[in-house]
Amino acid sequence: MKIYSFPYSLPSYRTRLAASLLGFNIEDQIIDLSKNEQKSPEFLAINPLGKVPVMTDDHLIVTDSMAILRYLARKSQTEHWYPESDIATAAKIDSLLSLVSNELYEGIEKARLITAFKMLPEELLPQCEMITHGALQILNTQLEGNVFLVNDTPTIADIAVASTLLFIDEASFSLDNYKNIQNWLNNIKSLAGFIQPIFL
């Protein structure tokens with residue numbers, strides 16, 4: 001398997017983290033977004049959307065970090081990452097993946113694009129901050145007395161949420177008032193196969 005990614009891309013880190021935690025040995029092919037390599041004919045032949053990450057597994061091409069997480073979990077021999085046979089647990093995981101794709105994207109990922117990459121106007125930052133802290137309050141409450149977000153074992157929901165929150169400093173926000181989230185992130189960092197993100 002191969003992942004086409006960019007070192008500073010948050011979704012790319014999400015897929016690299018998932019692959020490492022789930023025990024897959026995946027080749028990492030760098031696509032340099034700063035040089036617009038994602039718009040090259042060679043890469044567009046792999047993903048016509050011109051976005052990273054992309055994962056290939058033999059002739060299969062999987063785009064979007066959430067789809068890649070689900071694929072890796074299904075391919076894994078470890079059921080707890082995404083137990084589809086337990087529809088209640090799977091629904092909880094999917095709800096958290098949706099939180100990452102919506103609220104945490106609109107909050108932390110967009111704020112990071114504003115503060116770290118200067119790609120969006122600064123006047124959007126207050127709205128990002130409001131959305132972020134609303135989501136953090138939900139997560140902090142959900143983690144009260146719990147080691148992980150869904151069960152006593154980690155799932156791809158933990159990977160998706162953690163991969164976003166680890167970049168919170170680059171979004172110019174803080175986890176100081178969210179002790180449960182801080183403790184949970186320490187649990188994630190202690191997992192075998194955890195890899196640190198690459199910060200700007």
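The values are calculated or read from the model by the stated rules, or taken from the named source; none is laboratory data. It should be emphasised that the depicted structure is a prediction, and the values quoted were computed from it without experimental measurement. Heads up, the Cβs are rebuilt from the backbone with ideal geometry, glycines too, and the neighbour counts pull from every protein chain shown. Just the protein is used for accessible areas: all its heavy atoms, side chains included, with ligands, DNA and RNA removed. Shrake-Rupley method; radii C 1.70, N 1.55, O 1.52, S 1.80 Å.
What number, rounded to the nearest 500 deg cm²/dmol, is the helix-based mean residue ellipticity at 222 nm of the chain, given -39500 (n - 2.57) per DSSP H run of at least four residues and division by all its residues? Display every interim value, and only then the final one.
Values: 8 runs with 87 residues, N = 200.
About -13000 deg cm²/dmol.
Net charge near residue 197: determine it from the other residues with C-beta under 10 Å of the C-beta of residue 197, scoring Lys and Arg +1 and Asp and Glu -1.
Values: positive: 14, 16; negative: 170.
Once positives and negatives cancel, what remains is +1.
Classify the range 150-200 as rounded, prolate or oblate from the Cα gyration tensor: take a ≥ b ≥ c as the square roots of its eigenvalues, call it rounded if a/c is under 1.5, otherwise prolate when a/b beats b/c and oblate if not. Don't skip to the answer; put the middle values down first.
On the way: a/c = 1.98, a/b = 1.31, b/c = 1.51.
It comes out oblate by the Cα gyration axes.
Among the chymotrypsin sites (Phe, Trp or Tyr not before Pro) within the range 123-199, which fall in a DSSP loop and have no more than 14 other Cβ atoms within 10 Å of their own Cβ?
Values: sites: 148, 167, 173, 178, 184, 194, 199; in loops: 148, 167, 173, 178, 194, 199.
Taking the range 123-199 and a limit of 14 other Cβ atoms within 10 Å, the loop chymotrypsin sites (Phe, Trp or Tyr not before Pro) found are 194, 199.
Comparing Cα centroids, the range 109-126 and the range 127-159 end up 23 angstrom apart. Here, the range 40-159 yields an orientationally averaged convex hull projection of 9.5 nm² when only Cα atoms define the hull.
Pop a pseudo-label 7 angstrom from the Cα along the beta-carbon direction at both residue 42 and residue 78 and give the gap in nm to one decimal. That separation, rounded to one decimal, is 3.4 nm.
Remark on residue 54: its backbone amide H falls under 5 Å from those of 4, a criterion applied only to residues 5 or more positions apart or on other chains, H modelled at 1.01 Å from N. From the Cα gyration tensor of the chain, with a ≥ b ≥ c the square roots of its eigenvalues, which class applies: rounded if a/c is under 1.5, or else prolate if a/b is larger than b/c, or else oblate? The shape class here is oblate.
Mean projected area of the convex hull spanned by the Cα atoms of the range 13-72, taken over all viewing directions: 4.1 nm². Within the straight-line cut-off of under 25 Å between alpha carbons, the lysines reachable from residue 51 are 2, 35, 39, 75, 110, 118, sequence neighbours fewer than 8 places apart in one chain being disregarded.
The heavy atoms of residue 12 present about 0 square angstrom of accessible area, all protein chains included, probe 1.4 Å.
Given the alpha-carbon gyration tensor of the range 110-153, what are the semi-axes of its equivalent ellipsoid in whole angstrom, ordered largest first, with each equal to the square root of 5 times an eigenvalue?
On the way: eigenvalues 177, 27, 6 Å².
Taking √(5λ) for each eigenvalue gives 30, 12, 5 Å, largest first.
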